[in-house]
1. Once you have the alpha carbon radius of gyration of the stretch 34-152, what is it after dividing by 2.2 N^0.38 Å, with N set to its residue count?
2. If you plug each phi of the stretch 126-136 into the Karplus form 6.51 cos²θ - 1.76 cosθ + 1.60 with θ = phi - 60°, what whole-Hz ³J(HN,Hα) values come out, in order, with x for Gly and Pro?
3. Excluding residues fewer than 8 places away in the same chain, name every one of the lysines whose C-alpha is closer than 25 Å to that of residue 72.
4. Sticking with the crude label model, points 7 Å out along Cα→Cβ, report the distance from residue 32 to residue 82 in nm, one decimal please.
5. Stretch residue 151-residue 128 to full length: gain in nm at 0.36 nm per residue minus the Cα-Cα span?
6. Roughly what would the spin-label model give for residue 48 and residue 104, points 7 Å off Cα along C-beta, in nm?
Amino acid sequence: MKNLLIVIAIIFSGVFAKAQSDADIWELVKTDLKVEYKTIIIENMVFTDEEATVFWPIFNEYMVKKNANLDKNMEILKDYAEHYDDLTDDKIEELVKSTQSQRSARLKNRNGYYKSLKKALGVRKAAKLFQIDGQINTLFDFQLASQIPIID
């Protein structure tokens with residue numbers, strides 16, 4: 001559990017060998033995720049020039065908030081890893097509340113993203129992008145969750 005960042009980096013990124021520290025690993029993972037995310041969007045969406053001009057700034061703003069949310073998630077996971085061998089009920093309660101708060105923030109960001117997309121691109125394209133985002137999130141969450149040990 002202590003090497004959770006390394007495990008995540010190995011799972012999500014081919015750049016593990018280039019990293020110097022846990023912070024470097026996490027930054028590389030986020031960069032890799034953003035590139036992969038962008039590639040998936042490009043491969044699955046057809047934007048007119050006008051739509052692309054409107055979409056990419058919304059996407060970039062969303063990714064800034066998404067990365068901040070991922071940072072918070074990573075802080076929670078690191079805290080869990082550091083205390084895994086001696087978890088008290090109070091620590092478990094703190095971690096659960098932090099996780100719930102982080103998930104609420106993530107959902108709020110996703111909902112705001114959808115609203116911005118719907119206004120800029122219409123319901124159909126916004127829903128498609130929201131669906132793609134949801135699938136990427138589900139895959140990421142599954143990969144991550146599969147590496148986190150359950151509390152004894």
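1. Details: Rg = 17.0 Å, N = 119, 2.2 N^0.38 = 13.5 Å.
For the stretch 34-152, the normalised Cα radius of gyration comes out at 1.26.
2. 4, 5, 5, 5, 4, 5, 4, 4, x, 5, 5
3. 2, 18, 30, 34, 38, 91, 97, 108, 115
4. Reported label-point gap for residue 32 and residue 82 is 2.4 nm.
5. Numbers: separation 23, 0.36 × 23 = 8.28 nm, distance 3.66 nm.
4.6 nm is the gain from fully extending residue 151 to residue 128.
6. 4.1 nm
Since every read-out is calculated from the coordinates, none of them should be taken as a lab result. Fair warning: this is a prediction, and the values are worked out from it, not measured in the lab. Note that we place each Cβ from the backbone using ideal geometry, even for glycine, and neighbour counts take in every protein chain shown.
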